Amino acid sequence: MSCEMTEVRAPEVNAHVKERAGTINPMLDCQPAGAQFAGIGIQDCIPLVHGGQGCCMFVRLLFAQHFKENFDIASTSLHEDSAVFGGTKRIEEGVMVLAKRYPQLRVIPVITTCSTEVIGDDIEGTINLCNQALKREFPERDIYLVPVHTPSFKGSHVSGYDEAVKALVKTLAKKGEPTGKLNLFPGWVNPGDVILLKSYLSQMGVDGTIFMDTEDFDSPMLPDKSINTHGRTTVEDLQNSANACGSIAMARYEGASAAKHLENAFSVPQILTASPYGIRNTDRLLQSISDLTGQPIPDSLVKERGIALDAMADLAHMFFANKKVAIYGHADLVFGLAQFCMELEMEPALLLIGDDNTRYKKDPRIKELKETAAFDMEIVLNADLWDLEKRIKDKTVELDLIMGHSKGRYIAIDANIPMVRVGFPTFDRAGLYRKPLIGYRGAMELAETIANTLFAHMEYTKNREWILNTW
Amino acid sequence: MPMILLDCDKDIPERQRHIYLKAPGESTKDFLPIANVATIPGTLSERGCAFCGAKLVIGGVVKDAIQMIHGPVGCAYDTWHTKRYPSDNGHVPLKYVWSTDMKESHIVFGGEKRLEQSINEAFDAMPHMKRMFLYTTCPTALIGDDVKAVSKKVMQERPDVDIFTVECPGFSGVSQSKGHHVLNIGWVDQKVGSVEPEIKSPYTINFIGDYNIQGDTQLLQTYWDRLGIQVIAHFTGNANYDELRSMHRAKLSVVNCARSAGYIANELKKRYGIPRLDIDTWGFNYMAEGIRKVCAFFGIEERGEALIAEEYAKWKPKLDWYKERLKGKKMAIWTGGPRLWHWTKSVEDDMGIEVVAMSSKFGHEEDFEKVVARGREGTYYIDDANELEFFEILENIKPDIIFTGPRVGELVKKLHIPYINGHAYHNGPYMGFQGFVNMARDIYNATHSPLLGLAATDIRRTAKAKLALKEVA
Amino acid sequence: MDARAEELFDYVQERCLWQFHSRSWDRQENIEGIITKGIELLQGKTPAADTPKDRCFLADARIMVADFRSGFPWIKDADAAEIQQVMEQLAQLLVDVTVTHSKNRELSHHLY
């Protein structure tokens, strides 16, 4: 321990955009991938990706890697002739083939890509033609086609998800009798988060609809061999989103624009709440639900909160205090987890957001972090994973922990830094899609995962592992 | 009626021309699935795009080259963390991918400046890497960026670097296959002949069409080493960029994957007079035959026989243990194309397994000639099968094991059918003698998993039965 | 057609990749080259191995002939004329199926 006097300076929070033009090891996929993720959250729905076959095939693989499940997504299989003459005929053909071969099908989001946006295919006009053809061919069926414009050269899979949720709500929501239900837009979360959210709603006596309900993305092997891997959000859910008592957007950049649309178009009141990572943010969520529905927060959640705090208190200043953490991925996740880390006395010194959005710099969570951080923090927008690797290699940041998705695994492996997998995708750890990160329980379980990861690292590196000889 | 129209295809009857059920006495001059034609939109095909055929399959394997993808970030993201080709330099191909991360303004005003900047940044970021594969994608091809001009400029400014441009956007061709072709021809046009190798043996080969999946290349390399054969270039498993530039100096091109790399072997034959020898490297019988042929070419038969004898002594008893237990198992193969004909007879001869259905994503009619000639009667041969067809075929053939990709593997798991990763393997390598034992072991373990039986059990029935017994008592 | 040629044909169809190269002309070249070498080997002659192409044909032919000898005992008893005849029939059968009547639409593609 040093006794030198050092000059005390105020901690800095420096938010800036990545300096390089190109990307080395991207953190996020492109817009159509996000749109496809929104699409698979709907029941009786097969998204139709209008572009080259890779734009859909690899995204299906990505979902399979993360969820260890198969999801149905179709492609218009764009080829050279479409690049020259336009590809709208392939949408028409694709829609009819899907409708004919999948009798249960009710929704087809038509998702554009970079190529078809550059070509300039008229999606809305084509959908009109398809609607007429569908009426002729299947007069007894209602098949909803939803235009989703997601050129890959804008935003990222995060904005693509937001765009698709908004497009689905915009196209399908319609005024009817009030349902008294609450709309919840949780953002890009896992089935484990959705299940926990449902449990909170049920404990509060609130009838809610989750957009998108991905609970069954974790689906069983059954004796009758039935396959139930699909979204649970129905056409009716989307239609009735206009008739809810309110909306809660839990992720500023992932679905919040749909809640805003419902407010503007149908006067459904909405609350944008901080993504519920950590205790305080979960408090905010539950208070928001209570505010919109008038339902009190039940004792059971007070107890769950208390158990989480009790568990986290065992870990925080003993093991977590002053630990330097880098967090990367989606903005909502990274900001939320940074707040969570600070509740645990850790120091999220490096936040890497995988895309850019003019709204990021004005995010109130950055302001909050600036006000509360008692340590230097760097926030890199439009960051890639090289931003993390380079800082580690150059020793401009000394990290005790990395939190992020599996695509950055080799950074942690090569630098021998403990890493906790969070976000999407997390294919190199088993079952993470089942574990909630949101809510009190999510906070507790994540804190414990972090602790156990640090403990294992202490043991493998023989670094004060003896401290755990008695704990 | 050996070309089959499945029930699920009644609304797309043209699919009948792609599905063949082989009957006794028929040959490929009677029936052959048509292949390498455009997929019907909306069918849930398994196909990828031409870009991935070039980048993910072939170029991305090269271990000392930057893989610069000129386009939006997704093309890079999606062709990264999707293959299992390690390398002996710390798995560089698995760790990195590069993108120019095209944004709207570059689409509108052109992306050449962005590309130039990204290339320079990439070389600056990793100064030890001096070689680059540069790929176009759908949007950069559509806006017509001149990537060759940019790469030329950079090469002039940085004389120690070398860049290879591959122009095959995702929409070109009907599948990955187009990308294989473009990369093959581009490489022989642009790069072969530009480096002179150091010749260390009178026996030199190119080993073509093997991508070091789980170490295949490295396992086979031990054979070439023992035989005293120098591999001038591996196309492209565990390969260096510059070794691939010296392919013109080999005396023989030994070809495994004729689909993805037959083109370059043909061109080497045509342009440099290097003969092309096709072999199969999966399977005992085949591997031994391949080694015999290569050794016969060089007149070193006795070395080959010695190696085969050693390998047989070491591995054959292990293989036979599995063969005993796998006899009569029914297998389906749903992979890219060539593995259909590489495997159908080798698993039968070496493991006693019957292949009852095969689907190819990007094979050509040539691949179907090969597989139909080798495969069984009563077996389905399908081009570009889609999901509903898979379900119907499974119902018809009821396989014990399926070799396919992980996503389809997750799907068939629900049907209580085990899968083995037919692209990236479960626990490989699978080539060579040791590799085929690995493959047999993985099949054995998969088909003998207790979980499959448990999945079929309906506990409500057993519970009721117990309740009834209790009541009687 | 000699039933023995059919036996050999069945073997080659199942076993040999050289009959399935990309274009008609190189299939024909392979069939002719390898069968010619095979005839010479079976007739106890020493085939020419001067060029790389010769050596490659010979490598394929050697393995084929070894399998013929072990799989079809009659071949050891066949005289030179019989071998010539049955092997020529084999070549005809191969050309018929893999070239003349092949349904492969890429065989005559102008590019290699």
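Some notes on this structure:
- Any hit, the range B:428-449, residues being within 11 Å of chain A (Cβ to nearest Cβ), within 21 Å of the chain's Cα centre (by Cα) and either on the phi < 0 side of the Ramachandran plot or assigned to a helix (DSSP H, G or I) (or both): no
- Residue check for B:VAL147: away from chain A (no Cβ under 12 Å) and under 24 Å from A:ASP81 (Cα atoms): yes
- Qualifying residue in the range B:35-46 (condition: without any contact (Cβ under 8 Å) to a residue 24 or more places away in the chain, within 14 Å of chain A (Cβ to nearest Cβ) and either within 30 Å of B:SER151 (Cβ to Cβ) or not in a helix (DSSP H, G or I) (or both)): yes
- Any chance C:ARG55 is in contact with a Gly (Cβ under 9 Å, 6 or more places away or on another chain) and over 18 Å from C:ALA3 (Cα atoms): yes
- Among the residues making up the range A:83-102, a single one is in contact (Cβ under 8 Å) with a residue 24 or more places away in the chain, more than 9 Å from chain B (Cβ to nearest Cβ) and surrounded by fewer than 21 Cβ atoms within 10 Å (Cβ to Cβ): A:GLY86.
- Count of residues meeting criterion [within 24 Å of A:MET318 (Cα to Cα) and among the charged types (D, E, K, R)] in the range A:393-452: 6
- C:THR98 vs. criteria within 9 Å of chain B (Cβ to nearest Cβ) and out of contact with any Pro (no Cβ under 8 Å at 6 or more places or on another chain): yes
- Of all residues in the range B:107-123 being more than 8 Å from chain A (Cβ to nearest Cβ) and over 19 Å from A:PHE153 (Cβ atoms), the one that is surrounded by the most Cβ atoms within 10 Å (Cβ to Cβ): B:PHE123
- Test result for A:ASN183, surrounded by fewer than 24 Cβ atoms within 10 Å (Cβ to Cβ) and of a type in the set (S, T, N, Q): no
- Any hit, the range B:344-356, residues being within 14 Å of chain A (Cβ to nearest Cβ) and under 26 Å from B:GLY209 (Cα atoms): no
- Unique match (being of a type in the set (A, V, I, L, M) and at pLDDT below 95) among B:LEU452, B:LEU415: B:LEU452
- Single condition B:LYS178 does not satisfy, out of (1) among the charged types (D, E, K, R); (2) within 12 Å of chain A (Cβ to nearest Cβ); (3) assigned to a loop (DSSP other than H, G, I, E, B): (3)
- So C:GLY71, is it modelled with pLDDT of 95 or more, within 14 Å of another protein chain (Cβ to nearest Cβ) and surrounded by 21 or more Cβ atoms within 10 Å (Cβ to Cβ): no
- Residue within the range A:22-39 that is touching a helix residue (DSSP H, G or I) at 6+ places or on another chain (Cβ under 8 Å), at pLDDT 95 or above and more than 22 Å from A:GLN65 (Cα to Cα) present: yes
- Only one of C:VAL97, C:VAL12 that is among the aliphatic types (A, V, I, L, M), under 11 Å from the mean Cα position of the chain (by Cα) and assigned to a helix (DSSP H, G or I): C:VAL12
- Meets criteria (more than 9 Å from chain B (Cβ to nearest Cβ), buried (at least 22 other Cβ atoms within 10 Å of the Cβ) and under 26 Å from the mean Cα position of the chain (by Cα)) for A:ILE73: no
- Flag for C:LYS53 being basic (Lys, Arg) and more than 10 Å from chain B (Cβ to nearest Cβ): no
- Just one of (1) part of a loop (DSSP other than H, G, I, E, B); (2) buried (at least 24 other Cβ atoms within 10 Å of the Cβ) fails for B:LYS55. It is (1).
- A residue that is part of a helix (DSSP H, G or I), modelled with pLDDT of 95 or more and within 25 Å of A:CYS55 (Cβ to Cβ) occurs nowhere in the range B:123-134.
- The residues in the range B:86-106 that are surrounded by 24 or more Cβ atoms within 10 Å (Cβ to Cβ), assigned to a loop (DSSP other than H, G, I, E, B) and more than 8 Å from chain A (Cβ to nearest Cβ) can be counted, and the count is 0.
- Residues within the range B:67-80 that are facing chain A (nearest Cβ under 9 Å) and closer than 25 Å to B:PHE207 by Cα, tallied: 2
- A:ILE379 vs. criteria in a helix (DSSP H, G or I) and either under 23 Å from A:ASP193 (Cβ atoms) or not basic (Lys, Arg) (or both): no
- The residues on offer are A:ASP207, A:ASP218, A:ASP193, and the sole one that is within 14 Å of chain B (Cβ to nearest Cβ), of a type in the set (Asp, Glu) and farther than 24 Å from A:VAL110 by Cα is A:ASP218.
- Note on the range A:190-245: residues that are of a type outside the set (A, V, I, L, M), over 23 Å from B:LYS413 (Cβ atoms), in contact (Cβ under 8 Å) with a residue 40 or more places away in the chain and part of a helix (DSSP H, G or I) total 7.
- Pairs with Cβ under 7 Å, 6+ apart, first in the range B:12-25 and more than 18 Å from A:GLU93 (Cβ to Cβ), second modelled with pLDDT under 95: B:TYR20/B:PRO2; B:LEU21/B:PRO2; B:LYS22/B:PRO2; B:ALA23/B:PRO2
- Scan of the range A:235-258 for residues that are buried (at least 21 other Cβ atoms within 10 Å of the Cβ) and within 17 Å of A:ASP363 (Cβ to Cβ), ordered by number: A:ALA249, A:MET250, A:ALA251, A:ARG252, A:TYR253, A:GLU254, A:GLY255, A:ALA256
- Complete set of residues in the range B:245-286 that are assigned to a loop (DSSP other than H, G, I, E, B) and either within 21 Å of B:TYR203 (Cβ to Cβ) or charged (D, E, K, R) (or both): B:SER246, B:ALA250, B:LYS251, B:ASN256, B:GLY273, B:ILE274, B:PRO275, B:ILE279, B:ASP280, B:THR281
The values are calculated or read from the model by the stated rules, or taken from the named source; none is laboratory data. Note that this is a predicted model, so its numbers are computed, not measured. Quick reminder, even Gly has a Cβ in these numbers, built from the backbone with ideal geometry, and neighbours come from all protein chains shown.
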